[in-house]
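All remarks here apply to the structure that follows.
The values are calculated or read from the model by the stated rules, or taken from the named source; none is laboratory data. Being a predicted model, the structure only gives us computed values, none of them experimental. Glycine also receives a Cβ, built like all others from the backbone with ideal geometry; neighbour counts cover every protein chain displayed. To get the accessible areas, we keep the full protein, side chains included, count just its heavy atoms, and leave off ligands, DNA and RNA. Shrake-Rupley method; radii C 1.70, N 1.55, O 1.52, S 1.80 Å.
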Amino acid sequence: MDGNSRDSDVFQPPIKKVKLQESIEYEDLEKNNSIKTIALNLKKSERYYHGPTPIQSQQYATSQDIINSLHSIRQEMEIYVPKLTQVLSNGAASSTISALSPGGALMQGGTQQAINQMVPNDVQCELKHLYVAVGELLRHFWSCFPVNTPFLEEKLLKMRSNLERFQVTKLCPFQEKIRRQYLSTNLINHIEEMLQTAYNKFHTWQSRRMLKKT
């Protein structure tokens, strides 16, 4: 029987034989004669860790250098202590305020010069004293942050009251006197902006404090 089947295959018409092969053979299941690959053997493979090697020799940071730098930065941040009390001396602060005040060395100009000429020296001196005083109050105020101890919390509440008292008893009367006698320009606008910034900071801290209690 096997011999007859073989003979029948030999004498099959070509077209019928092709159709028979298409029905029993599948291209998807045939073995893929892939191209043989060659193993790549790199000498000094560390040269390829950081991209192309520059033509000119130069020093560059390795991966370990970057990791060591990150560890050093983290250690420095863990032991960092803010030194908020290290500020300018009274003399340097007074000199800076004088230079930046209306009519000062750094505020020379048409409008500022006119104000300097219209305001007497005693009033200018009083304004400088106000700047020095509010600067000292604000220095104590900002040194309370971050508020992480009961002492700082008590000091912050006290300094906020002192700033409000200073504004009512010193700044407002000074500004009213300037308006009545000299000009309508607000000479203490900058001081008021500094105070308002401090008040905003206090209200933000107070709101967060109330949320933690609730």
Of (1) modelled with pLDDT of 80 or more; (2) more than 20 Å from GLN167 (Cα to Cα), LYS128 satisfies all except one. Which? (2)
Inside region 88-102, the number of residues satisfying the requirement of being part of a helix (DSSP H, G or I) and open to solvent by 60 Å² or more (accessible area, probe 1.4 Å) is 4
I'd like to know if region 157-169 contains one or more residues that are over 29 Å from the mean Cα position of the chain (by Cα), farther than 23 Å from PRO82 by Cβ, at pLDDT below 90 and in a helix (DSSP H, G or I). no
Residues in region 131-143: is at least one more than 25 Å from MET118 (Cβ to Cβ), open to solvent by less than 40 Å² (accessible area, probe 1.4 Å) and part of a loop (DSSP other than H, G, I, E, B)? yes
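For the condition aliphatic (A, V, I, L, M), modelled with pLDDT of 85 or more and under 30 Å from ILE191 (Cβ atoms), what is the one hit in VAL87, VAL147, VAL119? If you could, list the steps in order and put the result at the bottom.
Working: VAL87 fails: modelled with pLDDT of 85 or more; VAL119 fails: modelled with pLDDT of 85 or more.
None of the others qualify; the one that does is VAL147.
Can you tell which of GLU154, GLU192 is farther than 21 Å from VAL87 by Cβ and open to solvent by 80 Å² or more (accessible area, probe 1.4 Å)? Break it down stepwise before answering.
On the way: GLU192 fails: open to solvent by 80 Å² or more (accessible area, probe 1.4 Å).
None of the other options fit; the residue is GLU154.
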